[in-house]
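Everything on this sheet refers to the single structure shown next.
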Amino acid sequence: MKKIAIFASGSGSNAENIITYFSARNSARVELILSNRSDAMVLERAKRLQVEAVVFDRDTFYHSDRIVSLLRDRAIDYVVLAGFLWLVPANLLAAFPDRIVNIHPALLPRHGGKGMYGDRVHRAVVEAGDAESGITIHRVNEVYDSGDIVAQYRVPVMPSDTPEQVASKVHALEYQYFPIEIEKELLKF
Ligand code: GRF
């Protein structure tokens, strides 16, 4: 059974969905939640679901090997970013080559890059008049939203859609497909 660590900065609804998905399967389990925010709702979810959670600060993340050591201590095989907003440092990328995956709530390369997260992405889709949006699941490298694409799924955007309506369609795709794509990826290792 493979061990997954999830990094999340916010609500953590994807993290919860991934924990629940793997708790019913033998392929993997979520061993650890990591967050850069001590007030993130993902920490409450981790507690309720009885998954160990760790909060870290910027200095620890960027100027020490403590996170990599923690992941090694817990024998983590695979890392998932689910609403995690910080760029991943070189030491973490080197420790998990091709084993870090992110989800972006749009069809990259459209509407990606630094500062493009959450509702900002859905507003940009509506403002651009895009006829579709979706999700991009991609491997993580040293540049925001630019690693190899693992999978994309699409939904139509109607001219009358608000950013909130686009968000809700995109979230549905995230919940349906992110755990499955993680499972396919981690079984390659
Ligand atoms: C999701 O839309 C995900 O695509 C993006 O950040 C959002 C996180 O939502 N990267 P949640 O914290 O999982 O509820």
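What follows draws every value from the coordinates through simple rules; no lab data is involved. It should be emphasised that the depicted structure is a prediction, and the values quoted were computed from it without experimental measurement. Backbone-built Cβ (ideal geometry, glycine too); neighbour counts: all protein chains shown.
Would you mind getting me the FRET efficiency between R120 and D148? Use the beta-carbon distance for r and R0 = 22 Å, nearest 0.05.
0.40
Need the full-extension length gain, M1 to A172, defined as separation in residues times 0.36 nm minus the C-alpha distance. One decimal, nm.
Fully extending the segment from M1 to A172 adds 58.8 nm.
First measure r as the distance between the Cβ atoms of E132 and S64, then evaluate 1/(1 + (r/R0)^6) with R0 = 30 Å and state the FRET efficiency to the nearest 0.05.
The pair E132/S64 has a calculated efficiency of 0.10.
Hey, what do the phi angles of the stretch 62-77 turn into as Karplus ³J(HN,Hα) couplings, whole Hz, using 6.51/-1.76/1.60 and θ = phi - 60°, x for Gly and Pro?
Rounded to whole hertz, the list is 9, 10, 8, 9, 5, 5, 4, 4, 4, 5, 5, 4, 8, 6, 6, 9.
Explain nothing, just the number: relative contact order of the stretch 2-186, from Cα pairs under 8 Å at least 6 residues apart, as a whole percent.
20
What does the convex hull of the alpha-carbon atoms of the stretch 11-89 project to on average, in nm²?
Answer in nm², one decimal: 5.1.
Within straight cross-link reach of K2, meaning Cα distance under 20 Å, which lysines are found once same-chain residues fewer than 8 apart are removed?
Filter leaves K184, K188.
From the backbone phi of the stretch 119-135, what are the Karplus-calculated ³J(HN,Hα) couplings (6.51 cos²θ - 1.76 cosθ + 1.60, θ = phi - 60°) in whole Hz, Gly and Pro given as x?
Each residue of the stretch 119-135 in turn: 5, 4, 5, 5, 5, 5, 5, 5, 5, 7, x, 4, 8, 8, 9, x, 10 Hz.
Show me, for the stretch 7-15, the HN-Hα J-couplings you get by feeding each phi into the Karplus relation (A = 6.51, B = -1.76, C = 1.60, θ = phi - 60°), rounded to Hz, glycine and proline as x.
9, 8, 9, x, 4, x, 5, 5, 4
I need the P(r) histogram for the chain: all alpha carbon pairs, bin width 10 Å from 0 out to the longest distance, whole percents.
So the P(r) values, bin by bin, are 9, 38, 37, 14, 2, 0.
Using a 7 Å offset from the Cα along the Cα-to-Cβ direction at both S160 and Q50, what is the distance between the two label points in nm, to one decimal?
Using points 7 Å along Cα→Cβ, the separation is 4.8 nm.
Considering only DSSP beta bridges whose two residues both sit in the chain, what percent are antiparallel, to the nearest 5?
40
Under a cut-off of 12 Å between alpha-carbon atoms, report the aspartates and glutamates in cross-link reach of K47, not counting same-chain residues fewer than 8 places apart.
Within the straight-line limit of under 12 Å, K47 reaches these aspartates and glutamates: E16.
Sort 4-16, 136-148 by the packing proxy (mean of other Cβ within 10 Å over each peptide's residues), most packed first.
4-16, 136-148
Just from its helices, what would the mean residue ellipticity at 222 nm be for the chain, if runs of 4 or more DSSP H residues each count -39500 (n - 2.57) and the sum is divided by every residue, rounded to the nearest 500 deg cm²/dmol?
Helix contribution divided over all residues of the chain: -11500 deg cm²/dmol.
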